[in-house]
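Worksheet for the structure shown next.
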Amino acid sequence: MGYVLQAEGLTKAFRGVRAVDGVDLRIAAGERVGLLGPNGAGKTTTLLMLLGAITPDTGTVEVLGHALPRERSEAMQGVGFAAGYLPLPERLRVREVLSMFAELYGIDDPEPQVQAGLERFGVTHLRDAMGSELSSGQRTVIGIVKATLHRPRLLVLDEPTASLDPDVAQRVRNGIARMCRDDGITLLITSHNMVEVERVCDRVVFLSAGRVVADGRTDEVAARFGIDTLEDVFLQLAGARELDLPPEPEETSRP
Amino acid sequence: MNLSWRRIRAVVIRHYHVLWRSPHRWFDVLVWPIVDTLLFGSLGVFVARQTGAGRAGVSYLLAGILLFHVIYQSQISVSVGFMEETWSRNLLNLMVTPLREVEYVAGVALFGLAKLVLGIGVVALAAWGFYSFAVSDVGWGLIPIAAELLLVGWVISLFVIGLVLRFGQSAEVLAWGLMFMAMPLSGVFYPPSALPAFLRPISYALPSTHAFTAAHRLLDGRAMPWHEITLAAIGCVIFALLALAFLLRMLRVFRQRGFVTRFA
């Protein structure tokens, strides 16, 4: 089976505490995978290792057949990433931000792709707005447009709808689902919204304390825990990890 | 390694937009060059009148500040260009694209060249307009000297970027601090022999010192000082290799310790 993403034995410790502890993850082409877990479970650290932004202490990552970190640039040609917490570059209009990223992804003629991307998510009216003028929800949507401009083979989304109102979140979910279906895009998404995960994903991977504690089809995973919904699985895992959070990467240190 | 001109161009265009929409950034390109020219030009005129030393002192000061702006503009363009990404928390956005580190640095350095031409042009025009000092009178010998100082500016900026990657935004002050430490040690306006004796070995170890010494020789009307230019070139290569090694090490630490989350 051709895997879009293969990670084996990923570990990462910050100040001696393991944030990610032996994660293995294989995602086949066309799969839509939800990476779930309570705060501090290691989801974002795992994503950033899968994207080459953080180097794992041990383990290997291969994206689209390219080994990280050596072939990061080649791998990222086929990857799109957006996160609810990421701002847009300042002092640029939305169309300028999108054109810049289109160029970074090697798109020959960025303009039609930018327009198509804005239309796909119903935000053409934001085309000439300054990035700094957008609401957090609008910024998130533009971030997703940015991540999908080049029709990536693997789309990685970290909490994409966390700051969106239900109406916009629904539109974004539909847009993502439609794009994945129509273009055969593989999706890896983190979210705390279990309803969203059940709608968008066909497979979920639960992390707890940096370890994979469940991996399978959405209905299978809930059944494995002997409960009905992913929401209950999430609550059960979160309860078990209450106030036992690993530290974030070092925040400050002075020269 | 396949470098992409398109990605480099995207970085250049991004920083063009930032400069165009940030009036305060024009201070570096238009205002400080004029302020510095006025300051050092007037100081030179005053000292010349007091001591009866003639115009030689004025030329030293004006040529010195013009050449110092080569370091200043090239260094600030790259350092502040990178810091722009940290201020707007755009680093992670860039790190998950195909953009290579070397392409990013090439992009900001290339855009910095445009700012450098503007900044130096302003100094040269101000020196000519206010003090009748024509940089062209010094001759073509200034070109290799300016090229070496351009490299010195880029080398300092690589150190600054490495420090910001390692220590976060608290290290940003070094973008200006390192350069102004280099200014007196490099003998921008005077020969290194004017420095306190214990600082002279440090001064002679800097490529910028030899570049400025070469400029002073040209101002004195002597032949092209190839010896000093060669020493400066060798120093530039050594410091450039050290800066690259330092930056690569800091990038590795940055990724290992997950420091990208500081800027996201």
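Key figures
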quantity	calculated
Residues within the range A:86-116 that are facing chain B (nearest Cβ under 7 Å) and of a type in the set (A, V, I, L, M, F, W, C), tallied	5
Sole residue being assigned to a helix (DSSP H, G or I), within 16 Å of B:Ala215 (Cβ to Cβ) and in contact (Cβ under 8 Å) with a residue 60 or more places away in the chain, chosen from B:Leu38, B:Leu61	B:Leu61
Qualifying residue in the range B:189-199 (condition: in contact with a Phe, Trp or Tyr (Cβ under 7 Å, 6 or more places away or on another chain), aliphatic (A, V, I, L, M), over 25 Å from B:Leu163 (Cα atoms) and away from chain A (no Cβ under 14 Å))	no
Residue list for the range B:1-19, filter: part of a helix (DSSP H, G or I) and either of a type in the set (Val, Ile, Thr) or more than 8 Å from chain A (Cβ to nearest Cβ) (or both)	B:Trp5, B:Ile8, B:Val11, B:Val12, B:Ile13, B:His15, B:Tyr16, B:Val18, B:Leu19
So A:Leu25, is it part of a helix (DSSP H, G or I) and within 12 Å of A:Leu188 (Cβ to Cβ)	no
Where B:Met224 falls short, out of the listed (1) closer than 30 Å to A:Leu50 by Cβ; (2) of a type outside the set (Gly, Ala, Ser); (3) touching a residue at least 60 places away in the same chain (Cβ under 8 Å); (4) surrounded by fewer than 16 Cβ atoms within 10 Å (Cβ to Cβ)	(1)
Top-ranked residue of the range B:20-57 - restricted to ones that are of a type in the set (Lys, Arg) and within 27 Å of B:Gly81 (Cβ to Cβ), ranked as nearest to the other protein chains (Cβ to nearest Cβ)	B:Arg21
Residue within the range A:123-131 that is in contact with a strand residue (DSSP E or B) (Cβ under 8 Å, 6 or more places away or on another chain), touching a residue at least 12 places away in the same chain (Cβ under 8 Å), at the interface with another protein chain (Cβ under 10 Å from one of its Cβ atoms) and farther than 23 Å from A:Thr190 by Cα present	yes
Yes/no for B:Gly235 being surrounded by 21 or more Cβ atoms within 10 Å (Cβ to Cβ) and without any contact (Cβ under 8 Å) to a residue 12 or more places away in the chain	no
From A:Glu74, A:Glu8, residue being surrounded by fewer than 17 Cβ atoms within 10 Å (Cβ to Cβ), within 11 Å of chain B (Cβ to nearest Cβ), of a type in the set (D, E, K, R) and in contact with a strand residue (DSSP E or B) (Cβ under 7 Å, 6 or more places away or on another chain)	A:Glu74
Test set (1) out of contact with any Asp or Glu (no Cβ under 8 Å at 6 or more places or on another chain); (2) within 14 Å of another protein chain (Cβ to nearest Cβ); (3) under 17 Å from A:Glu96 (Cβ atoms); (4) not polar (S, T, N, Q) - A:Pro152 fails condition number	(3)
Failed item, numbered, when A:Gly122 is tested on (1) surrounded by fewer than 19 Cβ atoms within 10 Å (Cβ to Cβ); (2) within 20 Å of A:Val156 (Cα to Cα); (3) touching a Gly at 6+ places or on another chain (Cβ under 9 Å)	(2)
Checking A:Val195 against (1) loosely packed, with under 14 Cβ neighbours inside 10 Å; (2) at pLDDT 90 or above, the condition it does not meet	(2)
Residue list for the range B:88-105, restricted to those being at the interface with chain A (Cβ under 7 Å from one of its Cβ atoms) and assigned to a helix (DSSP H, G or I)	B:Leu92, B:Asn93, B:Met95
Any hit, the range A:26-40, residues being closer than 16 Å to A:Val213 by Cβ, in contact with a Gly (Cβ under 9 Å, 6 or more places away or on another chain), modelled with pLDDT of 90 or more and away from chain B (no Cβ under 14 Å)	no
B:Arg255 vs. criteria within 14 Å of another protein chain (Cβ to nearest Cβ), closer than 30 Å to A:Lys12 by Cβ, part of a helix (DSSP H, G or I) and out of contact with any helix residue (DSSP H, G or I) (no Cβ under 7 Å at 6 or more places or on another chain)	yes
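The values are calculated or read from the model by the stated rules, or taken from the named source; none is laboratory data. Since we're looking at a predicted model, the values are computed, not measured. Backbone-built Cβ (ideal geometry, glycine too); neighbour counts: all protein chains shown.
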